[in-house]
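Visitor: My structure is below; once you've seen it, I'll send some questions.
The values are calculated or read from the model by the stated rules, or taken from the named source; none is laboratory data. Model, not experiment: these values are computed from the prediction. For neighbour counting, all protein chains shown are included, and Cβ atoms are generated from backbone atoms with ideal geometry for every residue, glycine included.
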Amino acid sequence: MTQLELDRALRALRLSGMADVLDARLRHAQAERLSPLDLIAMLVNDELQRRQDRLLERRRVQARFRDPSRSLDSFDFSFNKKMNRALLFELATGRFITQREDILLIGPPGSGKSHLAQALGQAAIQQGHRVHYREAHLLLEELTDATLDGTRKEVFATLSTVPLLIIDDLGMRKLPPTAAEDLLELIMRRYERASTILTSNRPVDDWGKLLGDTAAVTALLDRLLHHAHVLTCGPRSWRTKLQAATDSAVTASR
């Protein structure tokens, strides 16, 4: 079998990871006088790495992050010095997901809640977990639409079983009348079965008024907080800091 025929055979077997590096690996093996076993081992590792990379990229796309570039490395811990940095990096290991624990991030707009939630979601994907990210108002609209078009059962099945669900920015937008009941049902289904990260700019004491159903919110929080890590962001806004720095620079240049 010629090298060209081998390339075609590998692609026919859906081993494109091997096929893409075949020529380079053959040259390397010849130059280093590698044994056939070493050559095969390198090709197999190339294929495994290619598949792992494609799986991670597919899961990032499926997660539907609003800001896919967010990471803990790019978070400015010096701005919010009271943030529990050690806990965040522990959460980034993904152990809270295997232990079916939740995370609640509370703080004013611009204080880093969404950044941290998505960064932990990215870290979870790296650890091999599936993740879904939804802004709270869009999630609740999705559930309302699913009720109207008869797909509520299927949508809830998907949202209830994903290992990590991120519900971002609860309280930023006006919510539908069924918000409390829908969130309660979702949290009840996920309780001690899967992990949820929820961010809000409103303290939990305000959620009854926010969602319009104190009894449902009480039941929701009872489950959400039972095995939860609660982190407070702020009090300062990162975006306000950037705007102040920009205004100062403009003033200085005049």
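Visitor: Here are some conditions: (1) within 13 Å of the chain's Cα centre (by Cα); (2) outside the structural domain of W207 (by TED's automatic domain parsing). F75 meets all but one. Which one does it not meet?
Guide: (1)
Visitor: With I103, I97, I125 as the choices, which residue is out of contact with any His (no Cβ under 7 Å at 6 or more places or on another chain) and not polar (S, T, N, Q)?
Guide: So the residue among I103, I97, I125 that is out of contact with any His (no Cβ under 7 Å at 6 or more places or on another chain) and not polar (S, T, N, Q) is I125.
Visitor: Please find, within region 98-124, the residue that is farthest from R59 (Cα to Cα) out of those that are of a type in the set (A, V, I, L, M) and surrounded by fewer than 22 Cβ atoms within 10 Å (Cβ to Cβ).
Guide: I106
Visitor: Here is a further query. Looking at region 231-254, which of the residues that are on the phi < 0 side of the Ramachandran plot and surrounded by 13 or more Cβ atoms within 10 Å (Cβ to Cβ) is modelled with the highest pLDDT?
Guide: L231
Visitor: Let me ask something additional. Look at I40 and say whether it is in contact with a strand residue (DSSP E or B) (Cβ under 6 Å, 6 or more places away or on another chain) and not small (G, A, S).
Guide: Considered against the rule, which asks whether it is in contact with a strand residue (DSSP E or B) (Cβ under 6 Å, 6 or more places away or on another chain) and not small (G, A, S), I40 comes out as no.
Visitor: Same structure, new question: Mind checking which residues of region 197-206 are modelled with pLDDT under 95 and either among the small types (G, A, S) or more than 24 Å from the chain's Cα centre (by Cα) (or both)?
Guide: Residues satisfying the conditions are D205, D206.
Visitor: Here is a follow-up. What is the one condition in (1) touching a helix residue (DSSP H, G or I) at 6+ places or on another chain (Cβ under 9 Å); (2) closer than 30 Å to L225 by Cα that R25 does not satisfy?
Guide: Of (1) touching a helix residue (DSSP H, G or I) at 6+ places or on another chain (Cβ under 9 Å); (2) closer than 30 Å to L225 by Cα, only one is false for R25: (2).
Visitor: Given L224, L148, which one is within 22 Å of A63 (Cβ to Cβ) and either aliphatic (A, V, I, L, M) or modelled with pLDDT of 95 or more (or both)?
Guide: On inspection, the qualifying residue turns out to be L224.
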